[in-house]
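Engineer: Below: one structure in structure tokens.
The values are calculated or read from the model by the stated rules, or taken from the named source; none is laboratory data. Predicted model only: the values in this text are computed from it and were never measured. Cβ: placed from backbone, ideal geometry, glycine included. Neighbour counts: every protein chain shown. Note: accessible area is taken over every heavy atom of the protein model, side chains too, but ligands, DNA and RNA are not part of it. Shrake-Rupley method; radii C 1.70, N 1.55, O 1.52, S 1.80 Å.
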Amino acid sequence: VHLQVGILILDAAGKVVIVNVWLLKRCGLAADALLGHKLIDVFDGAATAHFCRRLALSQETGFPAMLSHSLHAPPLPLYMPHLVGHAPAMVRQSVHLSPMGRWTAQQHDQVFTLVQVTDVTPTVRRESLLRTRVDQMHLMARVDALTGIGNRRAFAETLDTEVRAAIRSGTSLGLLMMDIDFFKSYNDHYGHPAGDQCLREVAAMLQRVVKRPRDRLARYGGEEFVVLLPGTPLEGVLEVGGEVIDQMRALKLPHLARQGGDIVTLSVGAVSVVPRHIDEASTLVRKADEALYEAKARGRNRLCYAPVASIRSPVG
């Protein structure tokens, strides 16, 4: 009565000769509905085809078999004991088929098969919860907590993947590297909470500009952002970079402590290459960084590309 597994014993014809209380409660049938009847007929198509095949093969060969919950749908129509207000939930099952005494018993027509059903629902739920938490931790490790966009680790992984893809396809890979101008003086003047809000607003603006599914935006560190643009030649990279400059100006975030202006602006470095070797990932970043440095050296609030050339000049 207290056995916490389902037990069925079938004779050579597949008829049920023994069934325990645990299994009766979960199939919702009385003992008379199973005893003396073929198990397959009782469930009338509710048992999976795979279970039926494995049972027939086990009875024919005398070899045991197991149906794992991780590889198969629940083989028998067994349900969790009903809870008020909840729909019936199927028991996740691990099933063992064990022929009993085949070689000696067959001489006396006493061949039986033990069907043992274990409820692995708690195990499945734990595994699902663990997978969910692992996925959450994996995501958290690649998301910038302040802005909600990718972090430097996520960018590095995506860069490696996209460089390999570009090498295989022989296509361009573009990169924008951006830095908020005079951000230290912004923090000093408005305070760090305002600085954090500024970073969030810049990230939100960049998300509106970066629209293609494969494009990847990330916070590279501090007040620096990057956008990876797969399959994009220099003309396309400059177009996106120009929109970034324009949209940043359109935000009109006040910056009364900056030199030569009164709003928050961005300096942007752009580059596009057709990679031939995996180590060109570092070259791509270096060239974008050099272009960003040149944009700052030329007065900030502008876009430069490698080889260095100023594309947009400051307002006014």
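Engineer: Sort largest first and round to whole Å: the equivalent ellipsoid semi-axes of the chain, each the square root of five times a Cα gyration tensor eigenvalue.
Structural biologist: Taking √(5λ) for each eigenvalue gives 69, 23, 13 Å, largest first.
Engineer: Something else now. So what's the gap between the Cα centers of the range 125-203 and the range 17-45, to the nearest angstrom?
Structural biologist: What the calculation gives is 57 Å, centre to centre.
Engineer: Ignoring ligands, DNA and RNA, what percent of the accessible area of the range 159-316 is carbon or sulfur (1.4 Å)?
Structural biologist: Roughly 50 percent of what the probe reaches on the range 159-316 is carbon or sulfur.
Engineer: Given N residues in the range 110-227, what is its alpha carbon radius of gyration divided by 2.2 N^0.38 Å?
Structural biologist: Taking N as the residue count of the range 110-227, the ratio is 1.70.
Engineer: Here's something else I'd like to know. Sorted by mean Cβ packing within 10 Å, highest first, what order do the peptides 40-46, 174-180, 279-285 take?
Structural biologist: Working: 40-46: 13.7, 174-180: 26.1, 279-285: 16.4.
The peptides rank, most packed first, as 174-180, 279-285, 40-46.
Engineer: What distance in nm separates the two pseudo spin-label positions at residue 168 and residue 32, each 7 Å out from Cα along the beta-carbon direction?
Structural biologist: Distance between the two pseudo-spin positions: 6.5 nm.
Engineer: Further question: Quickly estimate the mean residue ellipticity at 222 nm for the chain, helices only: each DSSP H run with n ≥ 4 gives -39500 (n - 2.57), and the total goes over all residues, rounded to 500. It would help to have the intermediate numbers written out before the result.
Structural biologist: Details: 11 runs with 133 residues, N = 316.
Calculated at 222 nm, the ellipticity per residue is -13000 deg cm²/dmol.
Engineer: Let me ask something additional. For the range 18-169, compute Rh as the Kirkwood radius over C-alpha pairs and then the Stokes-Einstein diffusion coefficient at 25 °C and 0.890 mPa s; write the answer in µm²/s, rounded to an integer.
Structural biologist: It diffuses with D of about 125 µm²/s by this estimate.
Engineer: Could you state the per residue volume, in Å³, of the convex hull enclosing the Cα atoms of the range 201-289?
Structural biologist: 108
Engineer: Equivalent ellipsoid semi-axes for the range 160-316, as square roots of 5 times the alpha carbon gyration tensor eigenvalues: give them largest first, rounded to whole Å.
Structural biologist: Computed over the range 160-316, the values are 28, 15, 13 Å.
Engineer: While we're on this one: For residue 15, which lysines qualify as cross-link partners when the Cα separation must be under 17 Å and same-chain residues fewer than eight apart are set aside?
Structural biologist: Filter leaves 38.
Engineer: I would also like to ask the following. For the chain, with every protein chain kept in place, what is the accessible area per residue (1.4 Å probe, Å²)?
Structural biologist: 54
Engineer: With just the Cα atoms of the range 23-103, tell me how far they stretch along each of the three principal axes, in Å, largest first.
Structural biologist: Extents along the principal axes: 49, 32, 21 Å.
Engineer: Per-residue counts of other Cβ atoms within 10 Å, averaged by peptide: what ranking do you get for 206-214, 239-247, 144-152, highest first?
Structural biologist: 239-247, 144-152, 206-214
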